[in-house]
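Written out below as C-alpha cells is the structure these notes cover.
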Amino acid sequence: MSFSEIARRINARFGTTYTRNAVLGRARRMGLGVLPPPACPPLAPSLPGSPGSTRPWPQPLPVRPPKSAFVPAKPVKLRCVGIRPRLISLLELGPEDCRYPYGGDKEGEDISFCGHPRCSGSSYCAPHRRLTTGPDTAPRPAARPVVLRLVA
C-alpha cells in the first residue's frame, strides 16, 4: 500500500486525521520497509546488464526488520532516606508539612505524604529535598517580589 492509502485506512478505522507525511515519518522512525533514496550512479553509455555493459544489475538493499518496542527496561535502583514518614493523607497535610509522596504504585493503592516539617523554599523536608535534588544541584534563589507600575 502507498503511504496515502495507509493514512486513509487508519483515519477511516480510528477516526483520526493523519496525513501521508505523518504515516511516512512514523514508518521511518519504526524502521518499517522505508528504504533510503538510492544514490545516483554516474551516467554510463549503456544500461547495466545489457550486452555491451560490464556492470551487473544493482543488488537490492536489504530491508531491516523493525525493532521491538517491547524490550524490558533495566531495573531502577531506588534511593531512600533514613527517616520514618508520618504517612498522612492529602486532607491532613498542613501548609508546613513535607509533600514527598508514598504509595500509589499499584492500582487502587492510596497515596500518603511524609508530613515532617519542610525546609523553607522547598516542598520537602531536608532528607527528601536532598533525595530529589541530588548532590550537584545548586540551590535556587528565592523569588523576589515584583513591582508593577501603571502607565497611562
task = Could you list all residues from region 82-109 that are at pLDDT 90 or above and over 18 Å from Cys125 (Cβ atoms)?
result = Leu91
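How many of the residues making up region 107-123 are under 15 Å from Leu87 (Cβ atoms) and not in a strand (DSSP E or B)?
Count: 5.
A quick yes/no check of all residues on (1) charged (D, E, K, R); (2) in contact with a Leu (Cβ under 8 Å, 6 or more places away or on another chain):
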{"residue": "Glu92", "(1), (2)": "yes, no"}
{"residue": "Glu96", "(1), (2)": "yes, no"}
{"residue": "Phe113", "(1), (2)": "no, yes"}
{"residue": "Arg118", "(1), (2)": "yes, no"}
{"residue": "Ser122", "(1), (2)": "no, no"}
ask   = For region 83-105, what are the residues that are under 32 Å from the mean Cα position of the chain (by Cα) and exposed (fewer than 10 other Cβ atoms within 10 Å of the Cβ)?
value = Asp105
request  = Check off (1) at pLDDT 65 or above; (2) assigned to a loop (DSSP other than H, G, I, E, B) for Ala39 and give me the number that stays unchecked.
outcome  = (1)
ask   = Looking at Arg64, Arg79, Arg8, Arg13, which is the one that is at pLDDT 90 or above, loosely packed, with under 12 Cβ neighbours inside 10 Å, under 29 Å from the mean Cα position of the chain (by Cα) and not hydroxyl-bearing (Ser, Thr, Tyr)?
value = Arg13
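The values are calculated or read from the model by the stated rules, or taken from the named source; none is laboratory data. The model shown is predicted, which means the values in this text are computed figures rather than measured ones. Virtual Cβ from ideal backbone geometry, glycine too; neighbours counted across all protein chains shown.
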